[in-house]
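Enquirer: Below are the structure tokens for one structure; questions will follow.
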Amino acid sequence: MNIDWLAKLRNLLQTTAFCIAVATLQYAFTPDRPYAPPVVYSLLIGITIWAIVDIGRVFIPSARETGWPSGGTGFLLVAVAIAAGWLVGGRLGDLACRAFDLYGPHGRVHSAADLRSDVLITFIAGSVGSYWFYARNKSEYLARRMREAERHASEARLKLLETQLEPHMMFNTLANLRALIGVDPARAQEMLDHMIAYLRATLDASRATSHPLRTEFDRVQDYLALMAIRMGPRLAYTLDLPEELAQVPVPALLLQPLVENSIKHGLEPKVEGGRIDVRARREGELVVIEVRDSGVGTNGYDSGGKGFGLVQIRERLASLHGARASLDFATDAGGAQARIALPLAA
């Protein structure tokens, strides 16, 4: 059984601060009495309640996922904790005050009215503190479920993106392959080899949400090789991946939408074609990947960089890395540039 002791310590410190606040408020209504006894009583009662609730719920199955016992079990746990806090914590508080002579020269003053007041304070403070922890745990649980839902949605969008990208490329490639078989069998064979490698990489990528950056570059290499056979001298490209970044995990199908955008919106509309440069580098604790093209630039991107593929990449990066990752896209008369930044560590 794994227990997050750091979280328990954080809860203990918060409980301690809450107990001191309760004791201070109680002292404000009885300033003629010593301040130390209410603090000692509040701390020992509050810590007893915390220990039973916060540690006890670890052993309750329904609380292991949600962070709090379900149904009446949660109410029973709090009730037992408050009763034990009053009995055990109160007794320990009395012993501590006597041992360190904290009651002052008049000794302990505990009338029937004081007893009722202490019981009421213990009940209210214990209930309020427990409800605060319950609300916080419920909020964390719901936030965790939302993150899981976002991750699943991101995976589903990845599959949708693949279904939209693959047929477009496949039909064009098969059409070119059919034309080449009769006139240039050697190039047709080369195209077929790249196509097999590309499909194998695509199949592997579909089985995982992330893979090494080297795998992503290899996939882009096969894709660009296919496009180069199709476009001939109208397409030139370079791929630059430092060896130190080869094994950095990245989301699958991260670069192909950017490269395909460069070809579809940048180079194909340009009569003489152009080049695509894909480079990765390290900037501090970030991996930066750039896709540049020398295509028609602004005139080719009617969506202003808000097309389906770019939106999906941004959403996937946000769901995996939050604000630590980003995708910037810009165009000018000389072409377009996409810049992805994501953390080295997940």
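The values are calculated or read from the model by the stated rules, or taken from the named source; none is laboratory data. Keep in mind the model is a prediction, meaning the values are calculated, not measured. Positions of Cβ are generated from backbone atoms using ideal geometry, with glycine treated the same way; all protein chains shown enter the neighbour counts.
Enquirer: So, in the stretch 224-248, how many residues would count as being within 24 Å of residue 342 (Cα to Cα) and either at pLDDT below 90 or crowded, with 18+ Cβ neighbours inside 10 Å (or both)?
Expert: Within the stretch 224-248, residues that are within 24 Å of residue 342 (Cα to Cα) and either at pLDDT below 90 or crowded, with 18+ Cβ neighbours inside 10 Å (or both) number 5.
Here's the yes/no breakdown for (1) modelled with pLDDT of 70 or more; (2) of a type in the set (A, V, I, L, M); (3) outside the structural domain of residue 64 (by TED's automatic domain parsing):
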{"site": "166", "(1), (2), (3)": "no, no, yes"}
{"site": "170", "(1), (2), (3)": "no, yes, yes"}
{"site": "175", "(1), (2), (3)": "yes, yes, yes"}
{"site": "193", "(1), (2), (3)": "yes, no, yes"}
{"site": "198", "(1), (2), (3)": "yes, no, yes"}
{"site": "207", "(1), (2), (3)": "no, no, yes"}
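Enquirer: For the stretch 249-262, which positions are surrounded by fewer than 23 Cβ atoms within 10 Å (Cβ to Cβ) and over 27 Å from the mean Cα position of the chain (by Cα)?
Expert: Within the stretch 249-262, just 260 meets the criteria.
Enquirer: Is it the case, given these coordinates, that residue 44 is in contact with a Gly (Cβ under 8 Å, 6 or more places away or on another chain) and assigned to a helix (DSSP H, G or I)?
Expert: yes
Enquirer: Report, by residue number, each residue of the stretch 63-99 that is out of contact with any Gly (no Cβ under 8 Å at 6 or more places or on another chain) and not in a helix (DSSP H, G or I).
Expert: 67, 69, 70, 71
Enquirer: Taking only the stretch 327-346 into account, find how many residues are under 24 Å from residue 260 (Cα atoms) and surrounded by 15 or more Cβ atoms within 10 Å (Cβ to Cβ).
Expert: Of the residues in that region, 11 qualify.
Enquirer: Filter the stretch 116-134 for residues that are surrounded by 11 or more Cβ atoms within 10 Å (Cβ to Cβ), over 38 Å from the mean Cα position of the chain (by Cα) and either among the aliphatic types (A, V, I, L, M) or not in a helix (DSSP H, G or I) (or both) and give the result.
Expert: 119, 121
Enquirer: Of the residues that make up the stretch 21-44, is at least one within 29 Å of residue 140 (Cα to Cα) and either touching a Phe, Trp or Tyr at 6+ places or on another chain (Cβ under 7 Å) or without any contact (Cβ under 8 Å) to a residue 12 or more places away in the chain (or both)?
Expert: Scanning the stretch 21-44 turns up at least one residue that is within 29 Å of residue 140 (Cα to Cα) and either touching a Phe, Trp or Tyr at 6+ places or on another chain (Cβ under 7 Å) or without any contact (Cβ under 8 Å) to a residue 12 or more places away in the chain (or both).
Enquirer: Go through the stretch 1-20 and give me each residue that's surrounded by 12 or more Cβ atoms within 10 Å (Cβ to Cβ) and outside any helix (DSSP H, G or I).
Expert: Within the stretch 1-20, no residue meets the criteria.
Enquirer: So the check is Cβ under 8 Å with 6+ separation or different chains; which pairs have a first residue in the stretch 70-96 that's within 11 Å of residue 40 (Cα to Cα) and a second one that's of a type outside the set (D, E, K, R) and in a loop (DSSP other than H, G, I, E, B)?
Expert: Qualifying pairs under 8 Å: 96/102.
Enquirer: Of the residues 63, 36, 23, only one is of a type outside the set (D, E, K, R), surrounded by 16 or more Cβ atoms within 10 Å (Cβ to Cβ) and more than 27 Å from residue 102 (Cβ to Cβ); which?
Expert: 63
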